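We did not get these values from a lab; they are worked out from the coordinates using the rules stated. Predicted, not measured: the structure shown is a model, and the values here were computed from it. So basically every Cβ, Gly included, is an ideal-geometry build from the backbone, and we count neighbours across all protein chains shown.
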Amino acid sequence: MEHKDYDFGLVGLGVMGRNFILNVADNDFKAFGYDLDQEKVDALKVEGGNLEKVNATSDIETFISALAQPRKVMLLVPAGKIVDAVIENLLPFLDKDDIIIDGGNSFFTDTDRRETYLQEKGIHFFGSGVSGGAKGARKGPSIMPGGNKKAYAHVKPIFEAVSAKFNGEPCVAYLGPKSAGNYVKMVHNGIEYGLMQLTSEIYDLLKKSCALTNDELHTVFDTWNKGRLQSFLVEITAEIFKQDDDLGNGRLVDKILDKAKQKGTGKWTSQNAMDLGIPVPSIDIAVSMREISALKDERVIADKLYDRPEPAKIDKEELISMAEEALYFAFINTYAQGLHQLADASNEYKYELDLSVIAKIWRAGCIIRAGLLEDISSAYVTDNKLKNLLLAPSFVPKVQKAVPSARTLVAYAAKSGIPVPGLSNSLTYFDAYTSSNLPLNLIQAQRDHFGSHTYERIDKEGIFHTEWGA
Ligand code: 6PG
């Protein structure tokens, strides 16, 4: 039997779990892994190299009895029923005040349910998003924990040690009670979908209008990554254009089928934004585009039925420069929408989120990390009650300067038959959000006309109804 002095337990030794536990051990915490798959257990023991520091088992009792109390057991298993099944397997062996941390992309209402259920049994439960993929898990992810604040004190030293650092500050913080952590991670992923869609549209524009080669595309994105668009997603995009096809057939990107898969977090962000009544059109359209992309067979048939305009001639350097501005503009709008959703969800679900803290822990380690997040966090440090980034005085001149390029490119793309729905939704969102007058007075009139739904007036308090046409 092992000694009861391992600081941290991890269930699920898949790619994320293995990398995360090795990271914990690198940071001088003794970690113990558990997986039913003996091969994964053996592989971890070999890779860890020192059983005193990182050990593993496929036997649940051995696992639990190796952990120091209060036990801290993190689950890195697929979201859904498996999380409930693992919790049920662990429960008979746990003691009061032990802590279970779900590190997967669980739906936030599942986290609330699990937290309530486990609270009755004296167990603390943390829904804790982990972002950064396998490399992040190994070298420093951004971690988004939510749950019981007091119990977090036991988890904090480990999470702070293993997380990514930005200027020495750990990219992890206690975010709020209950499912706050999972919720923030869900919106992180919604923003991730939005940024990825925008990047792919800009690639399409550059390629279809000026026939940029993959080498040129690499240079463009690489150059942008050294400026204000510096971000993980722009960085890997540059890298992708350089990658040769493993089958020896040119560049790999040109051989990849244009059907994007999804595991649901972007869709949940959109769905919940609808429930809250907060507009996130740059995220909504990113989800829809993955769905349209999946309709490959129909797209191929439809392509033959309709003519498409030839892209109009445009100066390459001018296009690249406008594309940089438009992407910057649309990135800001996408973060603005996600953060707006968080601000509203914080009130609705009593999370008491601090958006300046969230922006800070997104500055390194996670998929949406970007230089821009430093400016975003400063805006929220200045005013942490900010409803929308577009209202931040520091952002007004940045957005004002970039918007003309977004307009020109959206118009150009529309004329050329190149779909840029993320860019145009970002622009439309901006134009609508910054309009004091919208034509929705007409919608109110229509509603009242056909359904007596009533309306309010701009010149008089009260609720009104008119017998239209009478
Ligand atoms: C992260 C990512 C990650 C997610 C992938 C895939 O923050 O590290 O968000 O959690 O699994 O991005 O998501 P989709 O399969 O839905 O694209």
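May I ask you to list the residues of segment 379-416 whose amide nitrogen lies under 14 Å from a point 7 Å from Cα along the Cα→beta-carbon direction of Asn167?
Correct set: 379-382.
Among bridges DSSP assigns within the chain, what percent are antiparallel (round to 5)?
DSSP beta bridges in the chain are roughly 30 percent antiparallel.
Cross-link partners among aspartates and glutamates for Lys385, C-alpha distance below 20 Å, same-chain residues fewer than 8 apart left out?
Counting by Cα, and skipping residues close in sequence, Lys385 has these aspartates and glutamates nearby: Asp344, Glu348, Glu352, Asp354, Glu374, Asp375.
Once you've got the Cα coordinates, tell me which of Lys185/Lys263; Lys185/Lys261; Lys156/Lys178; Lys255/Lys313; Lys81/Lys178 are over 21 Å apart.
Values: Lys185/Lys263 14 Å; Lys185/Lys261 19 Å; Lys156/Lys178 16 Å; Lys255/Lys313 27 Å; Lys81/Lys178 19 Å.
Violating the 21 Å limit, Cα to Cα: Lys255/Lys313.
Give a quick list of GluC sites (Glu not before Pro) in segment 288-354 that DSSP marks as loop, anything other than H, G, I, E or B, with at most 15 other Cβ atoms within 10 Å. Walk me through the numbers before you get to the answer.
Working: sites: Glu291, Glu298, Glu317, Glu318, Glu324, Glu325, Glu348, Glu352; in loops: Glu352.
Sparse-neighbourhood loop GluC sites (Glu not before Pro): Glu352.
Once you place label points 7 Å from the Cα toward the Cβ at Lys150 and Ser394, how far apart are they in nm?
So the label points at Lys150 and Ser394 sit 3.7 nm apart.
Under a point-charge model restricted to the Cβ atoms of Lys and Arg (+1) and Asp and Glu (-1), what is the dipole moment magnitude of segment 8-178 relative to its Cα centre, in debye to the nearest 20? Provide the component values of the computation, followed by the final result.
Details: 20 positive and 22 negative charges, 106 e Å.
Approximately 500 debye in magnitude.
Would you calculate the separation in nanometres between label points at Ser321 and Asp244, each defined as 7 Å from the Cα along the Cα-to-beta-carbon direction?
About 3.6 nm separates the two model spin labels.
Which distance in nm do the two modelled labels at Gln69 and Lys207 give, with both placed 7 Å along the Cα-to-Cβ direction?
Placing both labels 7 Å along Cα→Cβ, they lie 5.9 nm apart.
Using alpha carbon centroids, what distance separates segment 349-428 and segment 432-448, in Å?
Computed from Cα coordinates, the inter-centre distance equals 25 Å.
Going by amide H atoms built from the backbone, whose H comes under 5 Å of the H on Leu10, apart from near neighbours?
The answer is Phe32, Gly33, Tyr34, Met74.
Between Thr219 and Thr408, how high is the FRET efficiency from 1/(1 + (r/R0)^6) when r is the Cβ-Cβ distance and R₀ = 25 Å? Nearest 0.05.
On the way: r = 22 Å, r/R0 = 0.89.
Here the calculated transfer efficiency is 0.65.
When the helices in the chain are scored as -39500 (n - 2.57) per DSSP H run of 4 or longer and the sum is shared across all residues, what 222 nm value do you end up with, to the nearest 500 deg cm²/dmol?
Values: 19 runs with 259 residues, N = 470.
When only DSSP H runs of four or more count, the value is -17500 deg cm²/dmol.
Based on the Cβ-Cβ distance from Asp307 to Glu39, what FRET efficiency comes out when R0 is 51 Å, to the nearest 0.05?
Details: r = 56 Å, r/R0 = 1.09.
For R0 = 51 Å, the calculated efficiency reads 0.35.
Over 31 Å apart: what share of the alpha carbon pairs of the chain falls there, rounded to a whole percent?
Values: 54464 of 110215 pairs.
For the chain, the share of Cα pairs beyond 31 Å comes to 49 percent.
Take the Cα pairs of segment 349-465, get the Kirkwood Rh, then feed it into Stokes-Einstein at 25 °C and 0.890 mPa s and tell me D in µm²/s.
Stokes-Einstein gives a translational diffusion coefficient of 137 µm²/s.
So if each residue of separation counts as 0.36 nm, and I subtract the Cα-Cα distance between Ser293 and Thr62, what length gain in nm does that give?
Working: separation 231, 0.36 × 231 = 83.16 nm, distance 4.72 nm.
Stretched out fully, the Ser293 to Thr62 stretch lengthens by 78.4 nm.
Can you give the Rg to Rh ratio of segment 8-178, both from alpha-carbon atoms, with Rh computed by the Kirkwood formula? Don't skip to the answer; put the middle values down first.
Numbers: Rg = 14.5 Å, Rh = 15.7 Å.
Computed over Cα atoms, the ratio is 0.93.
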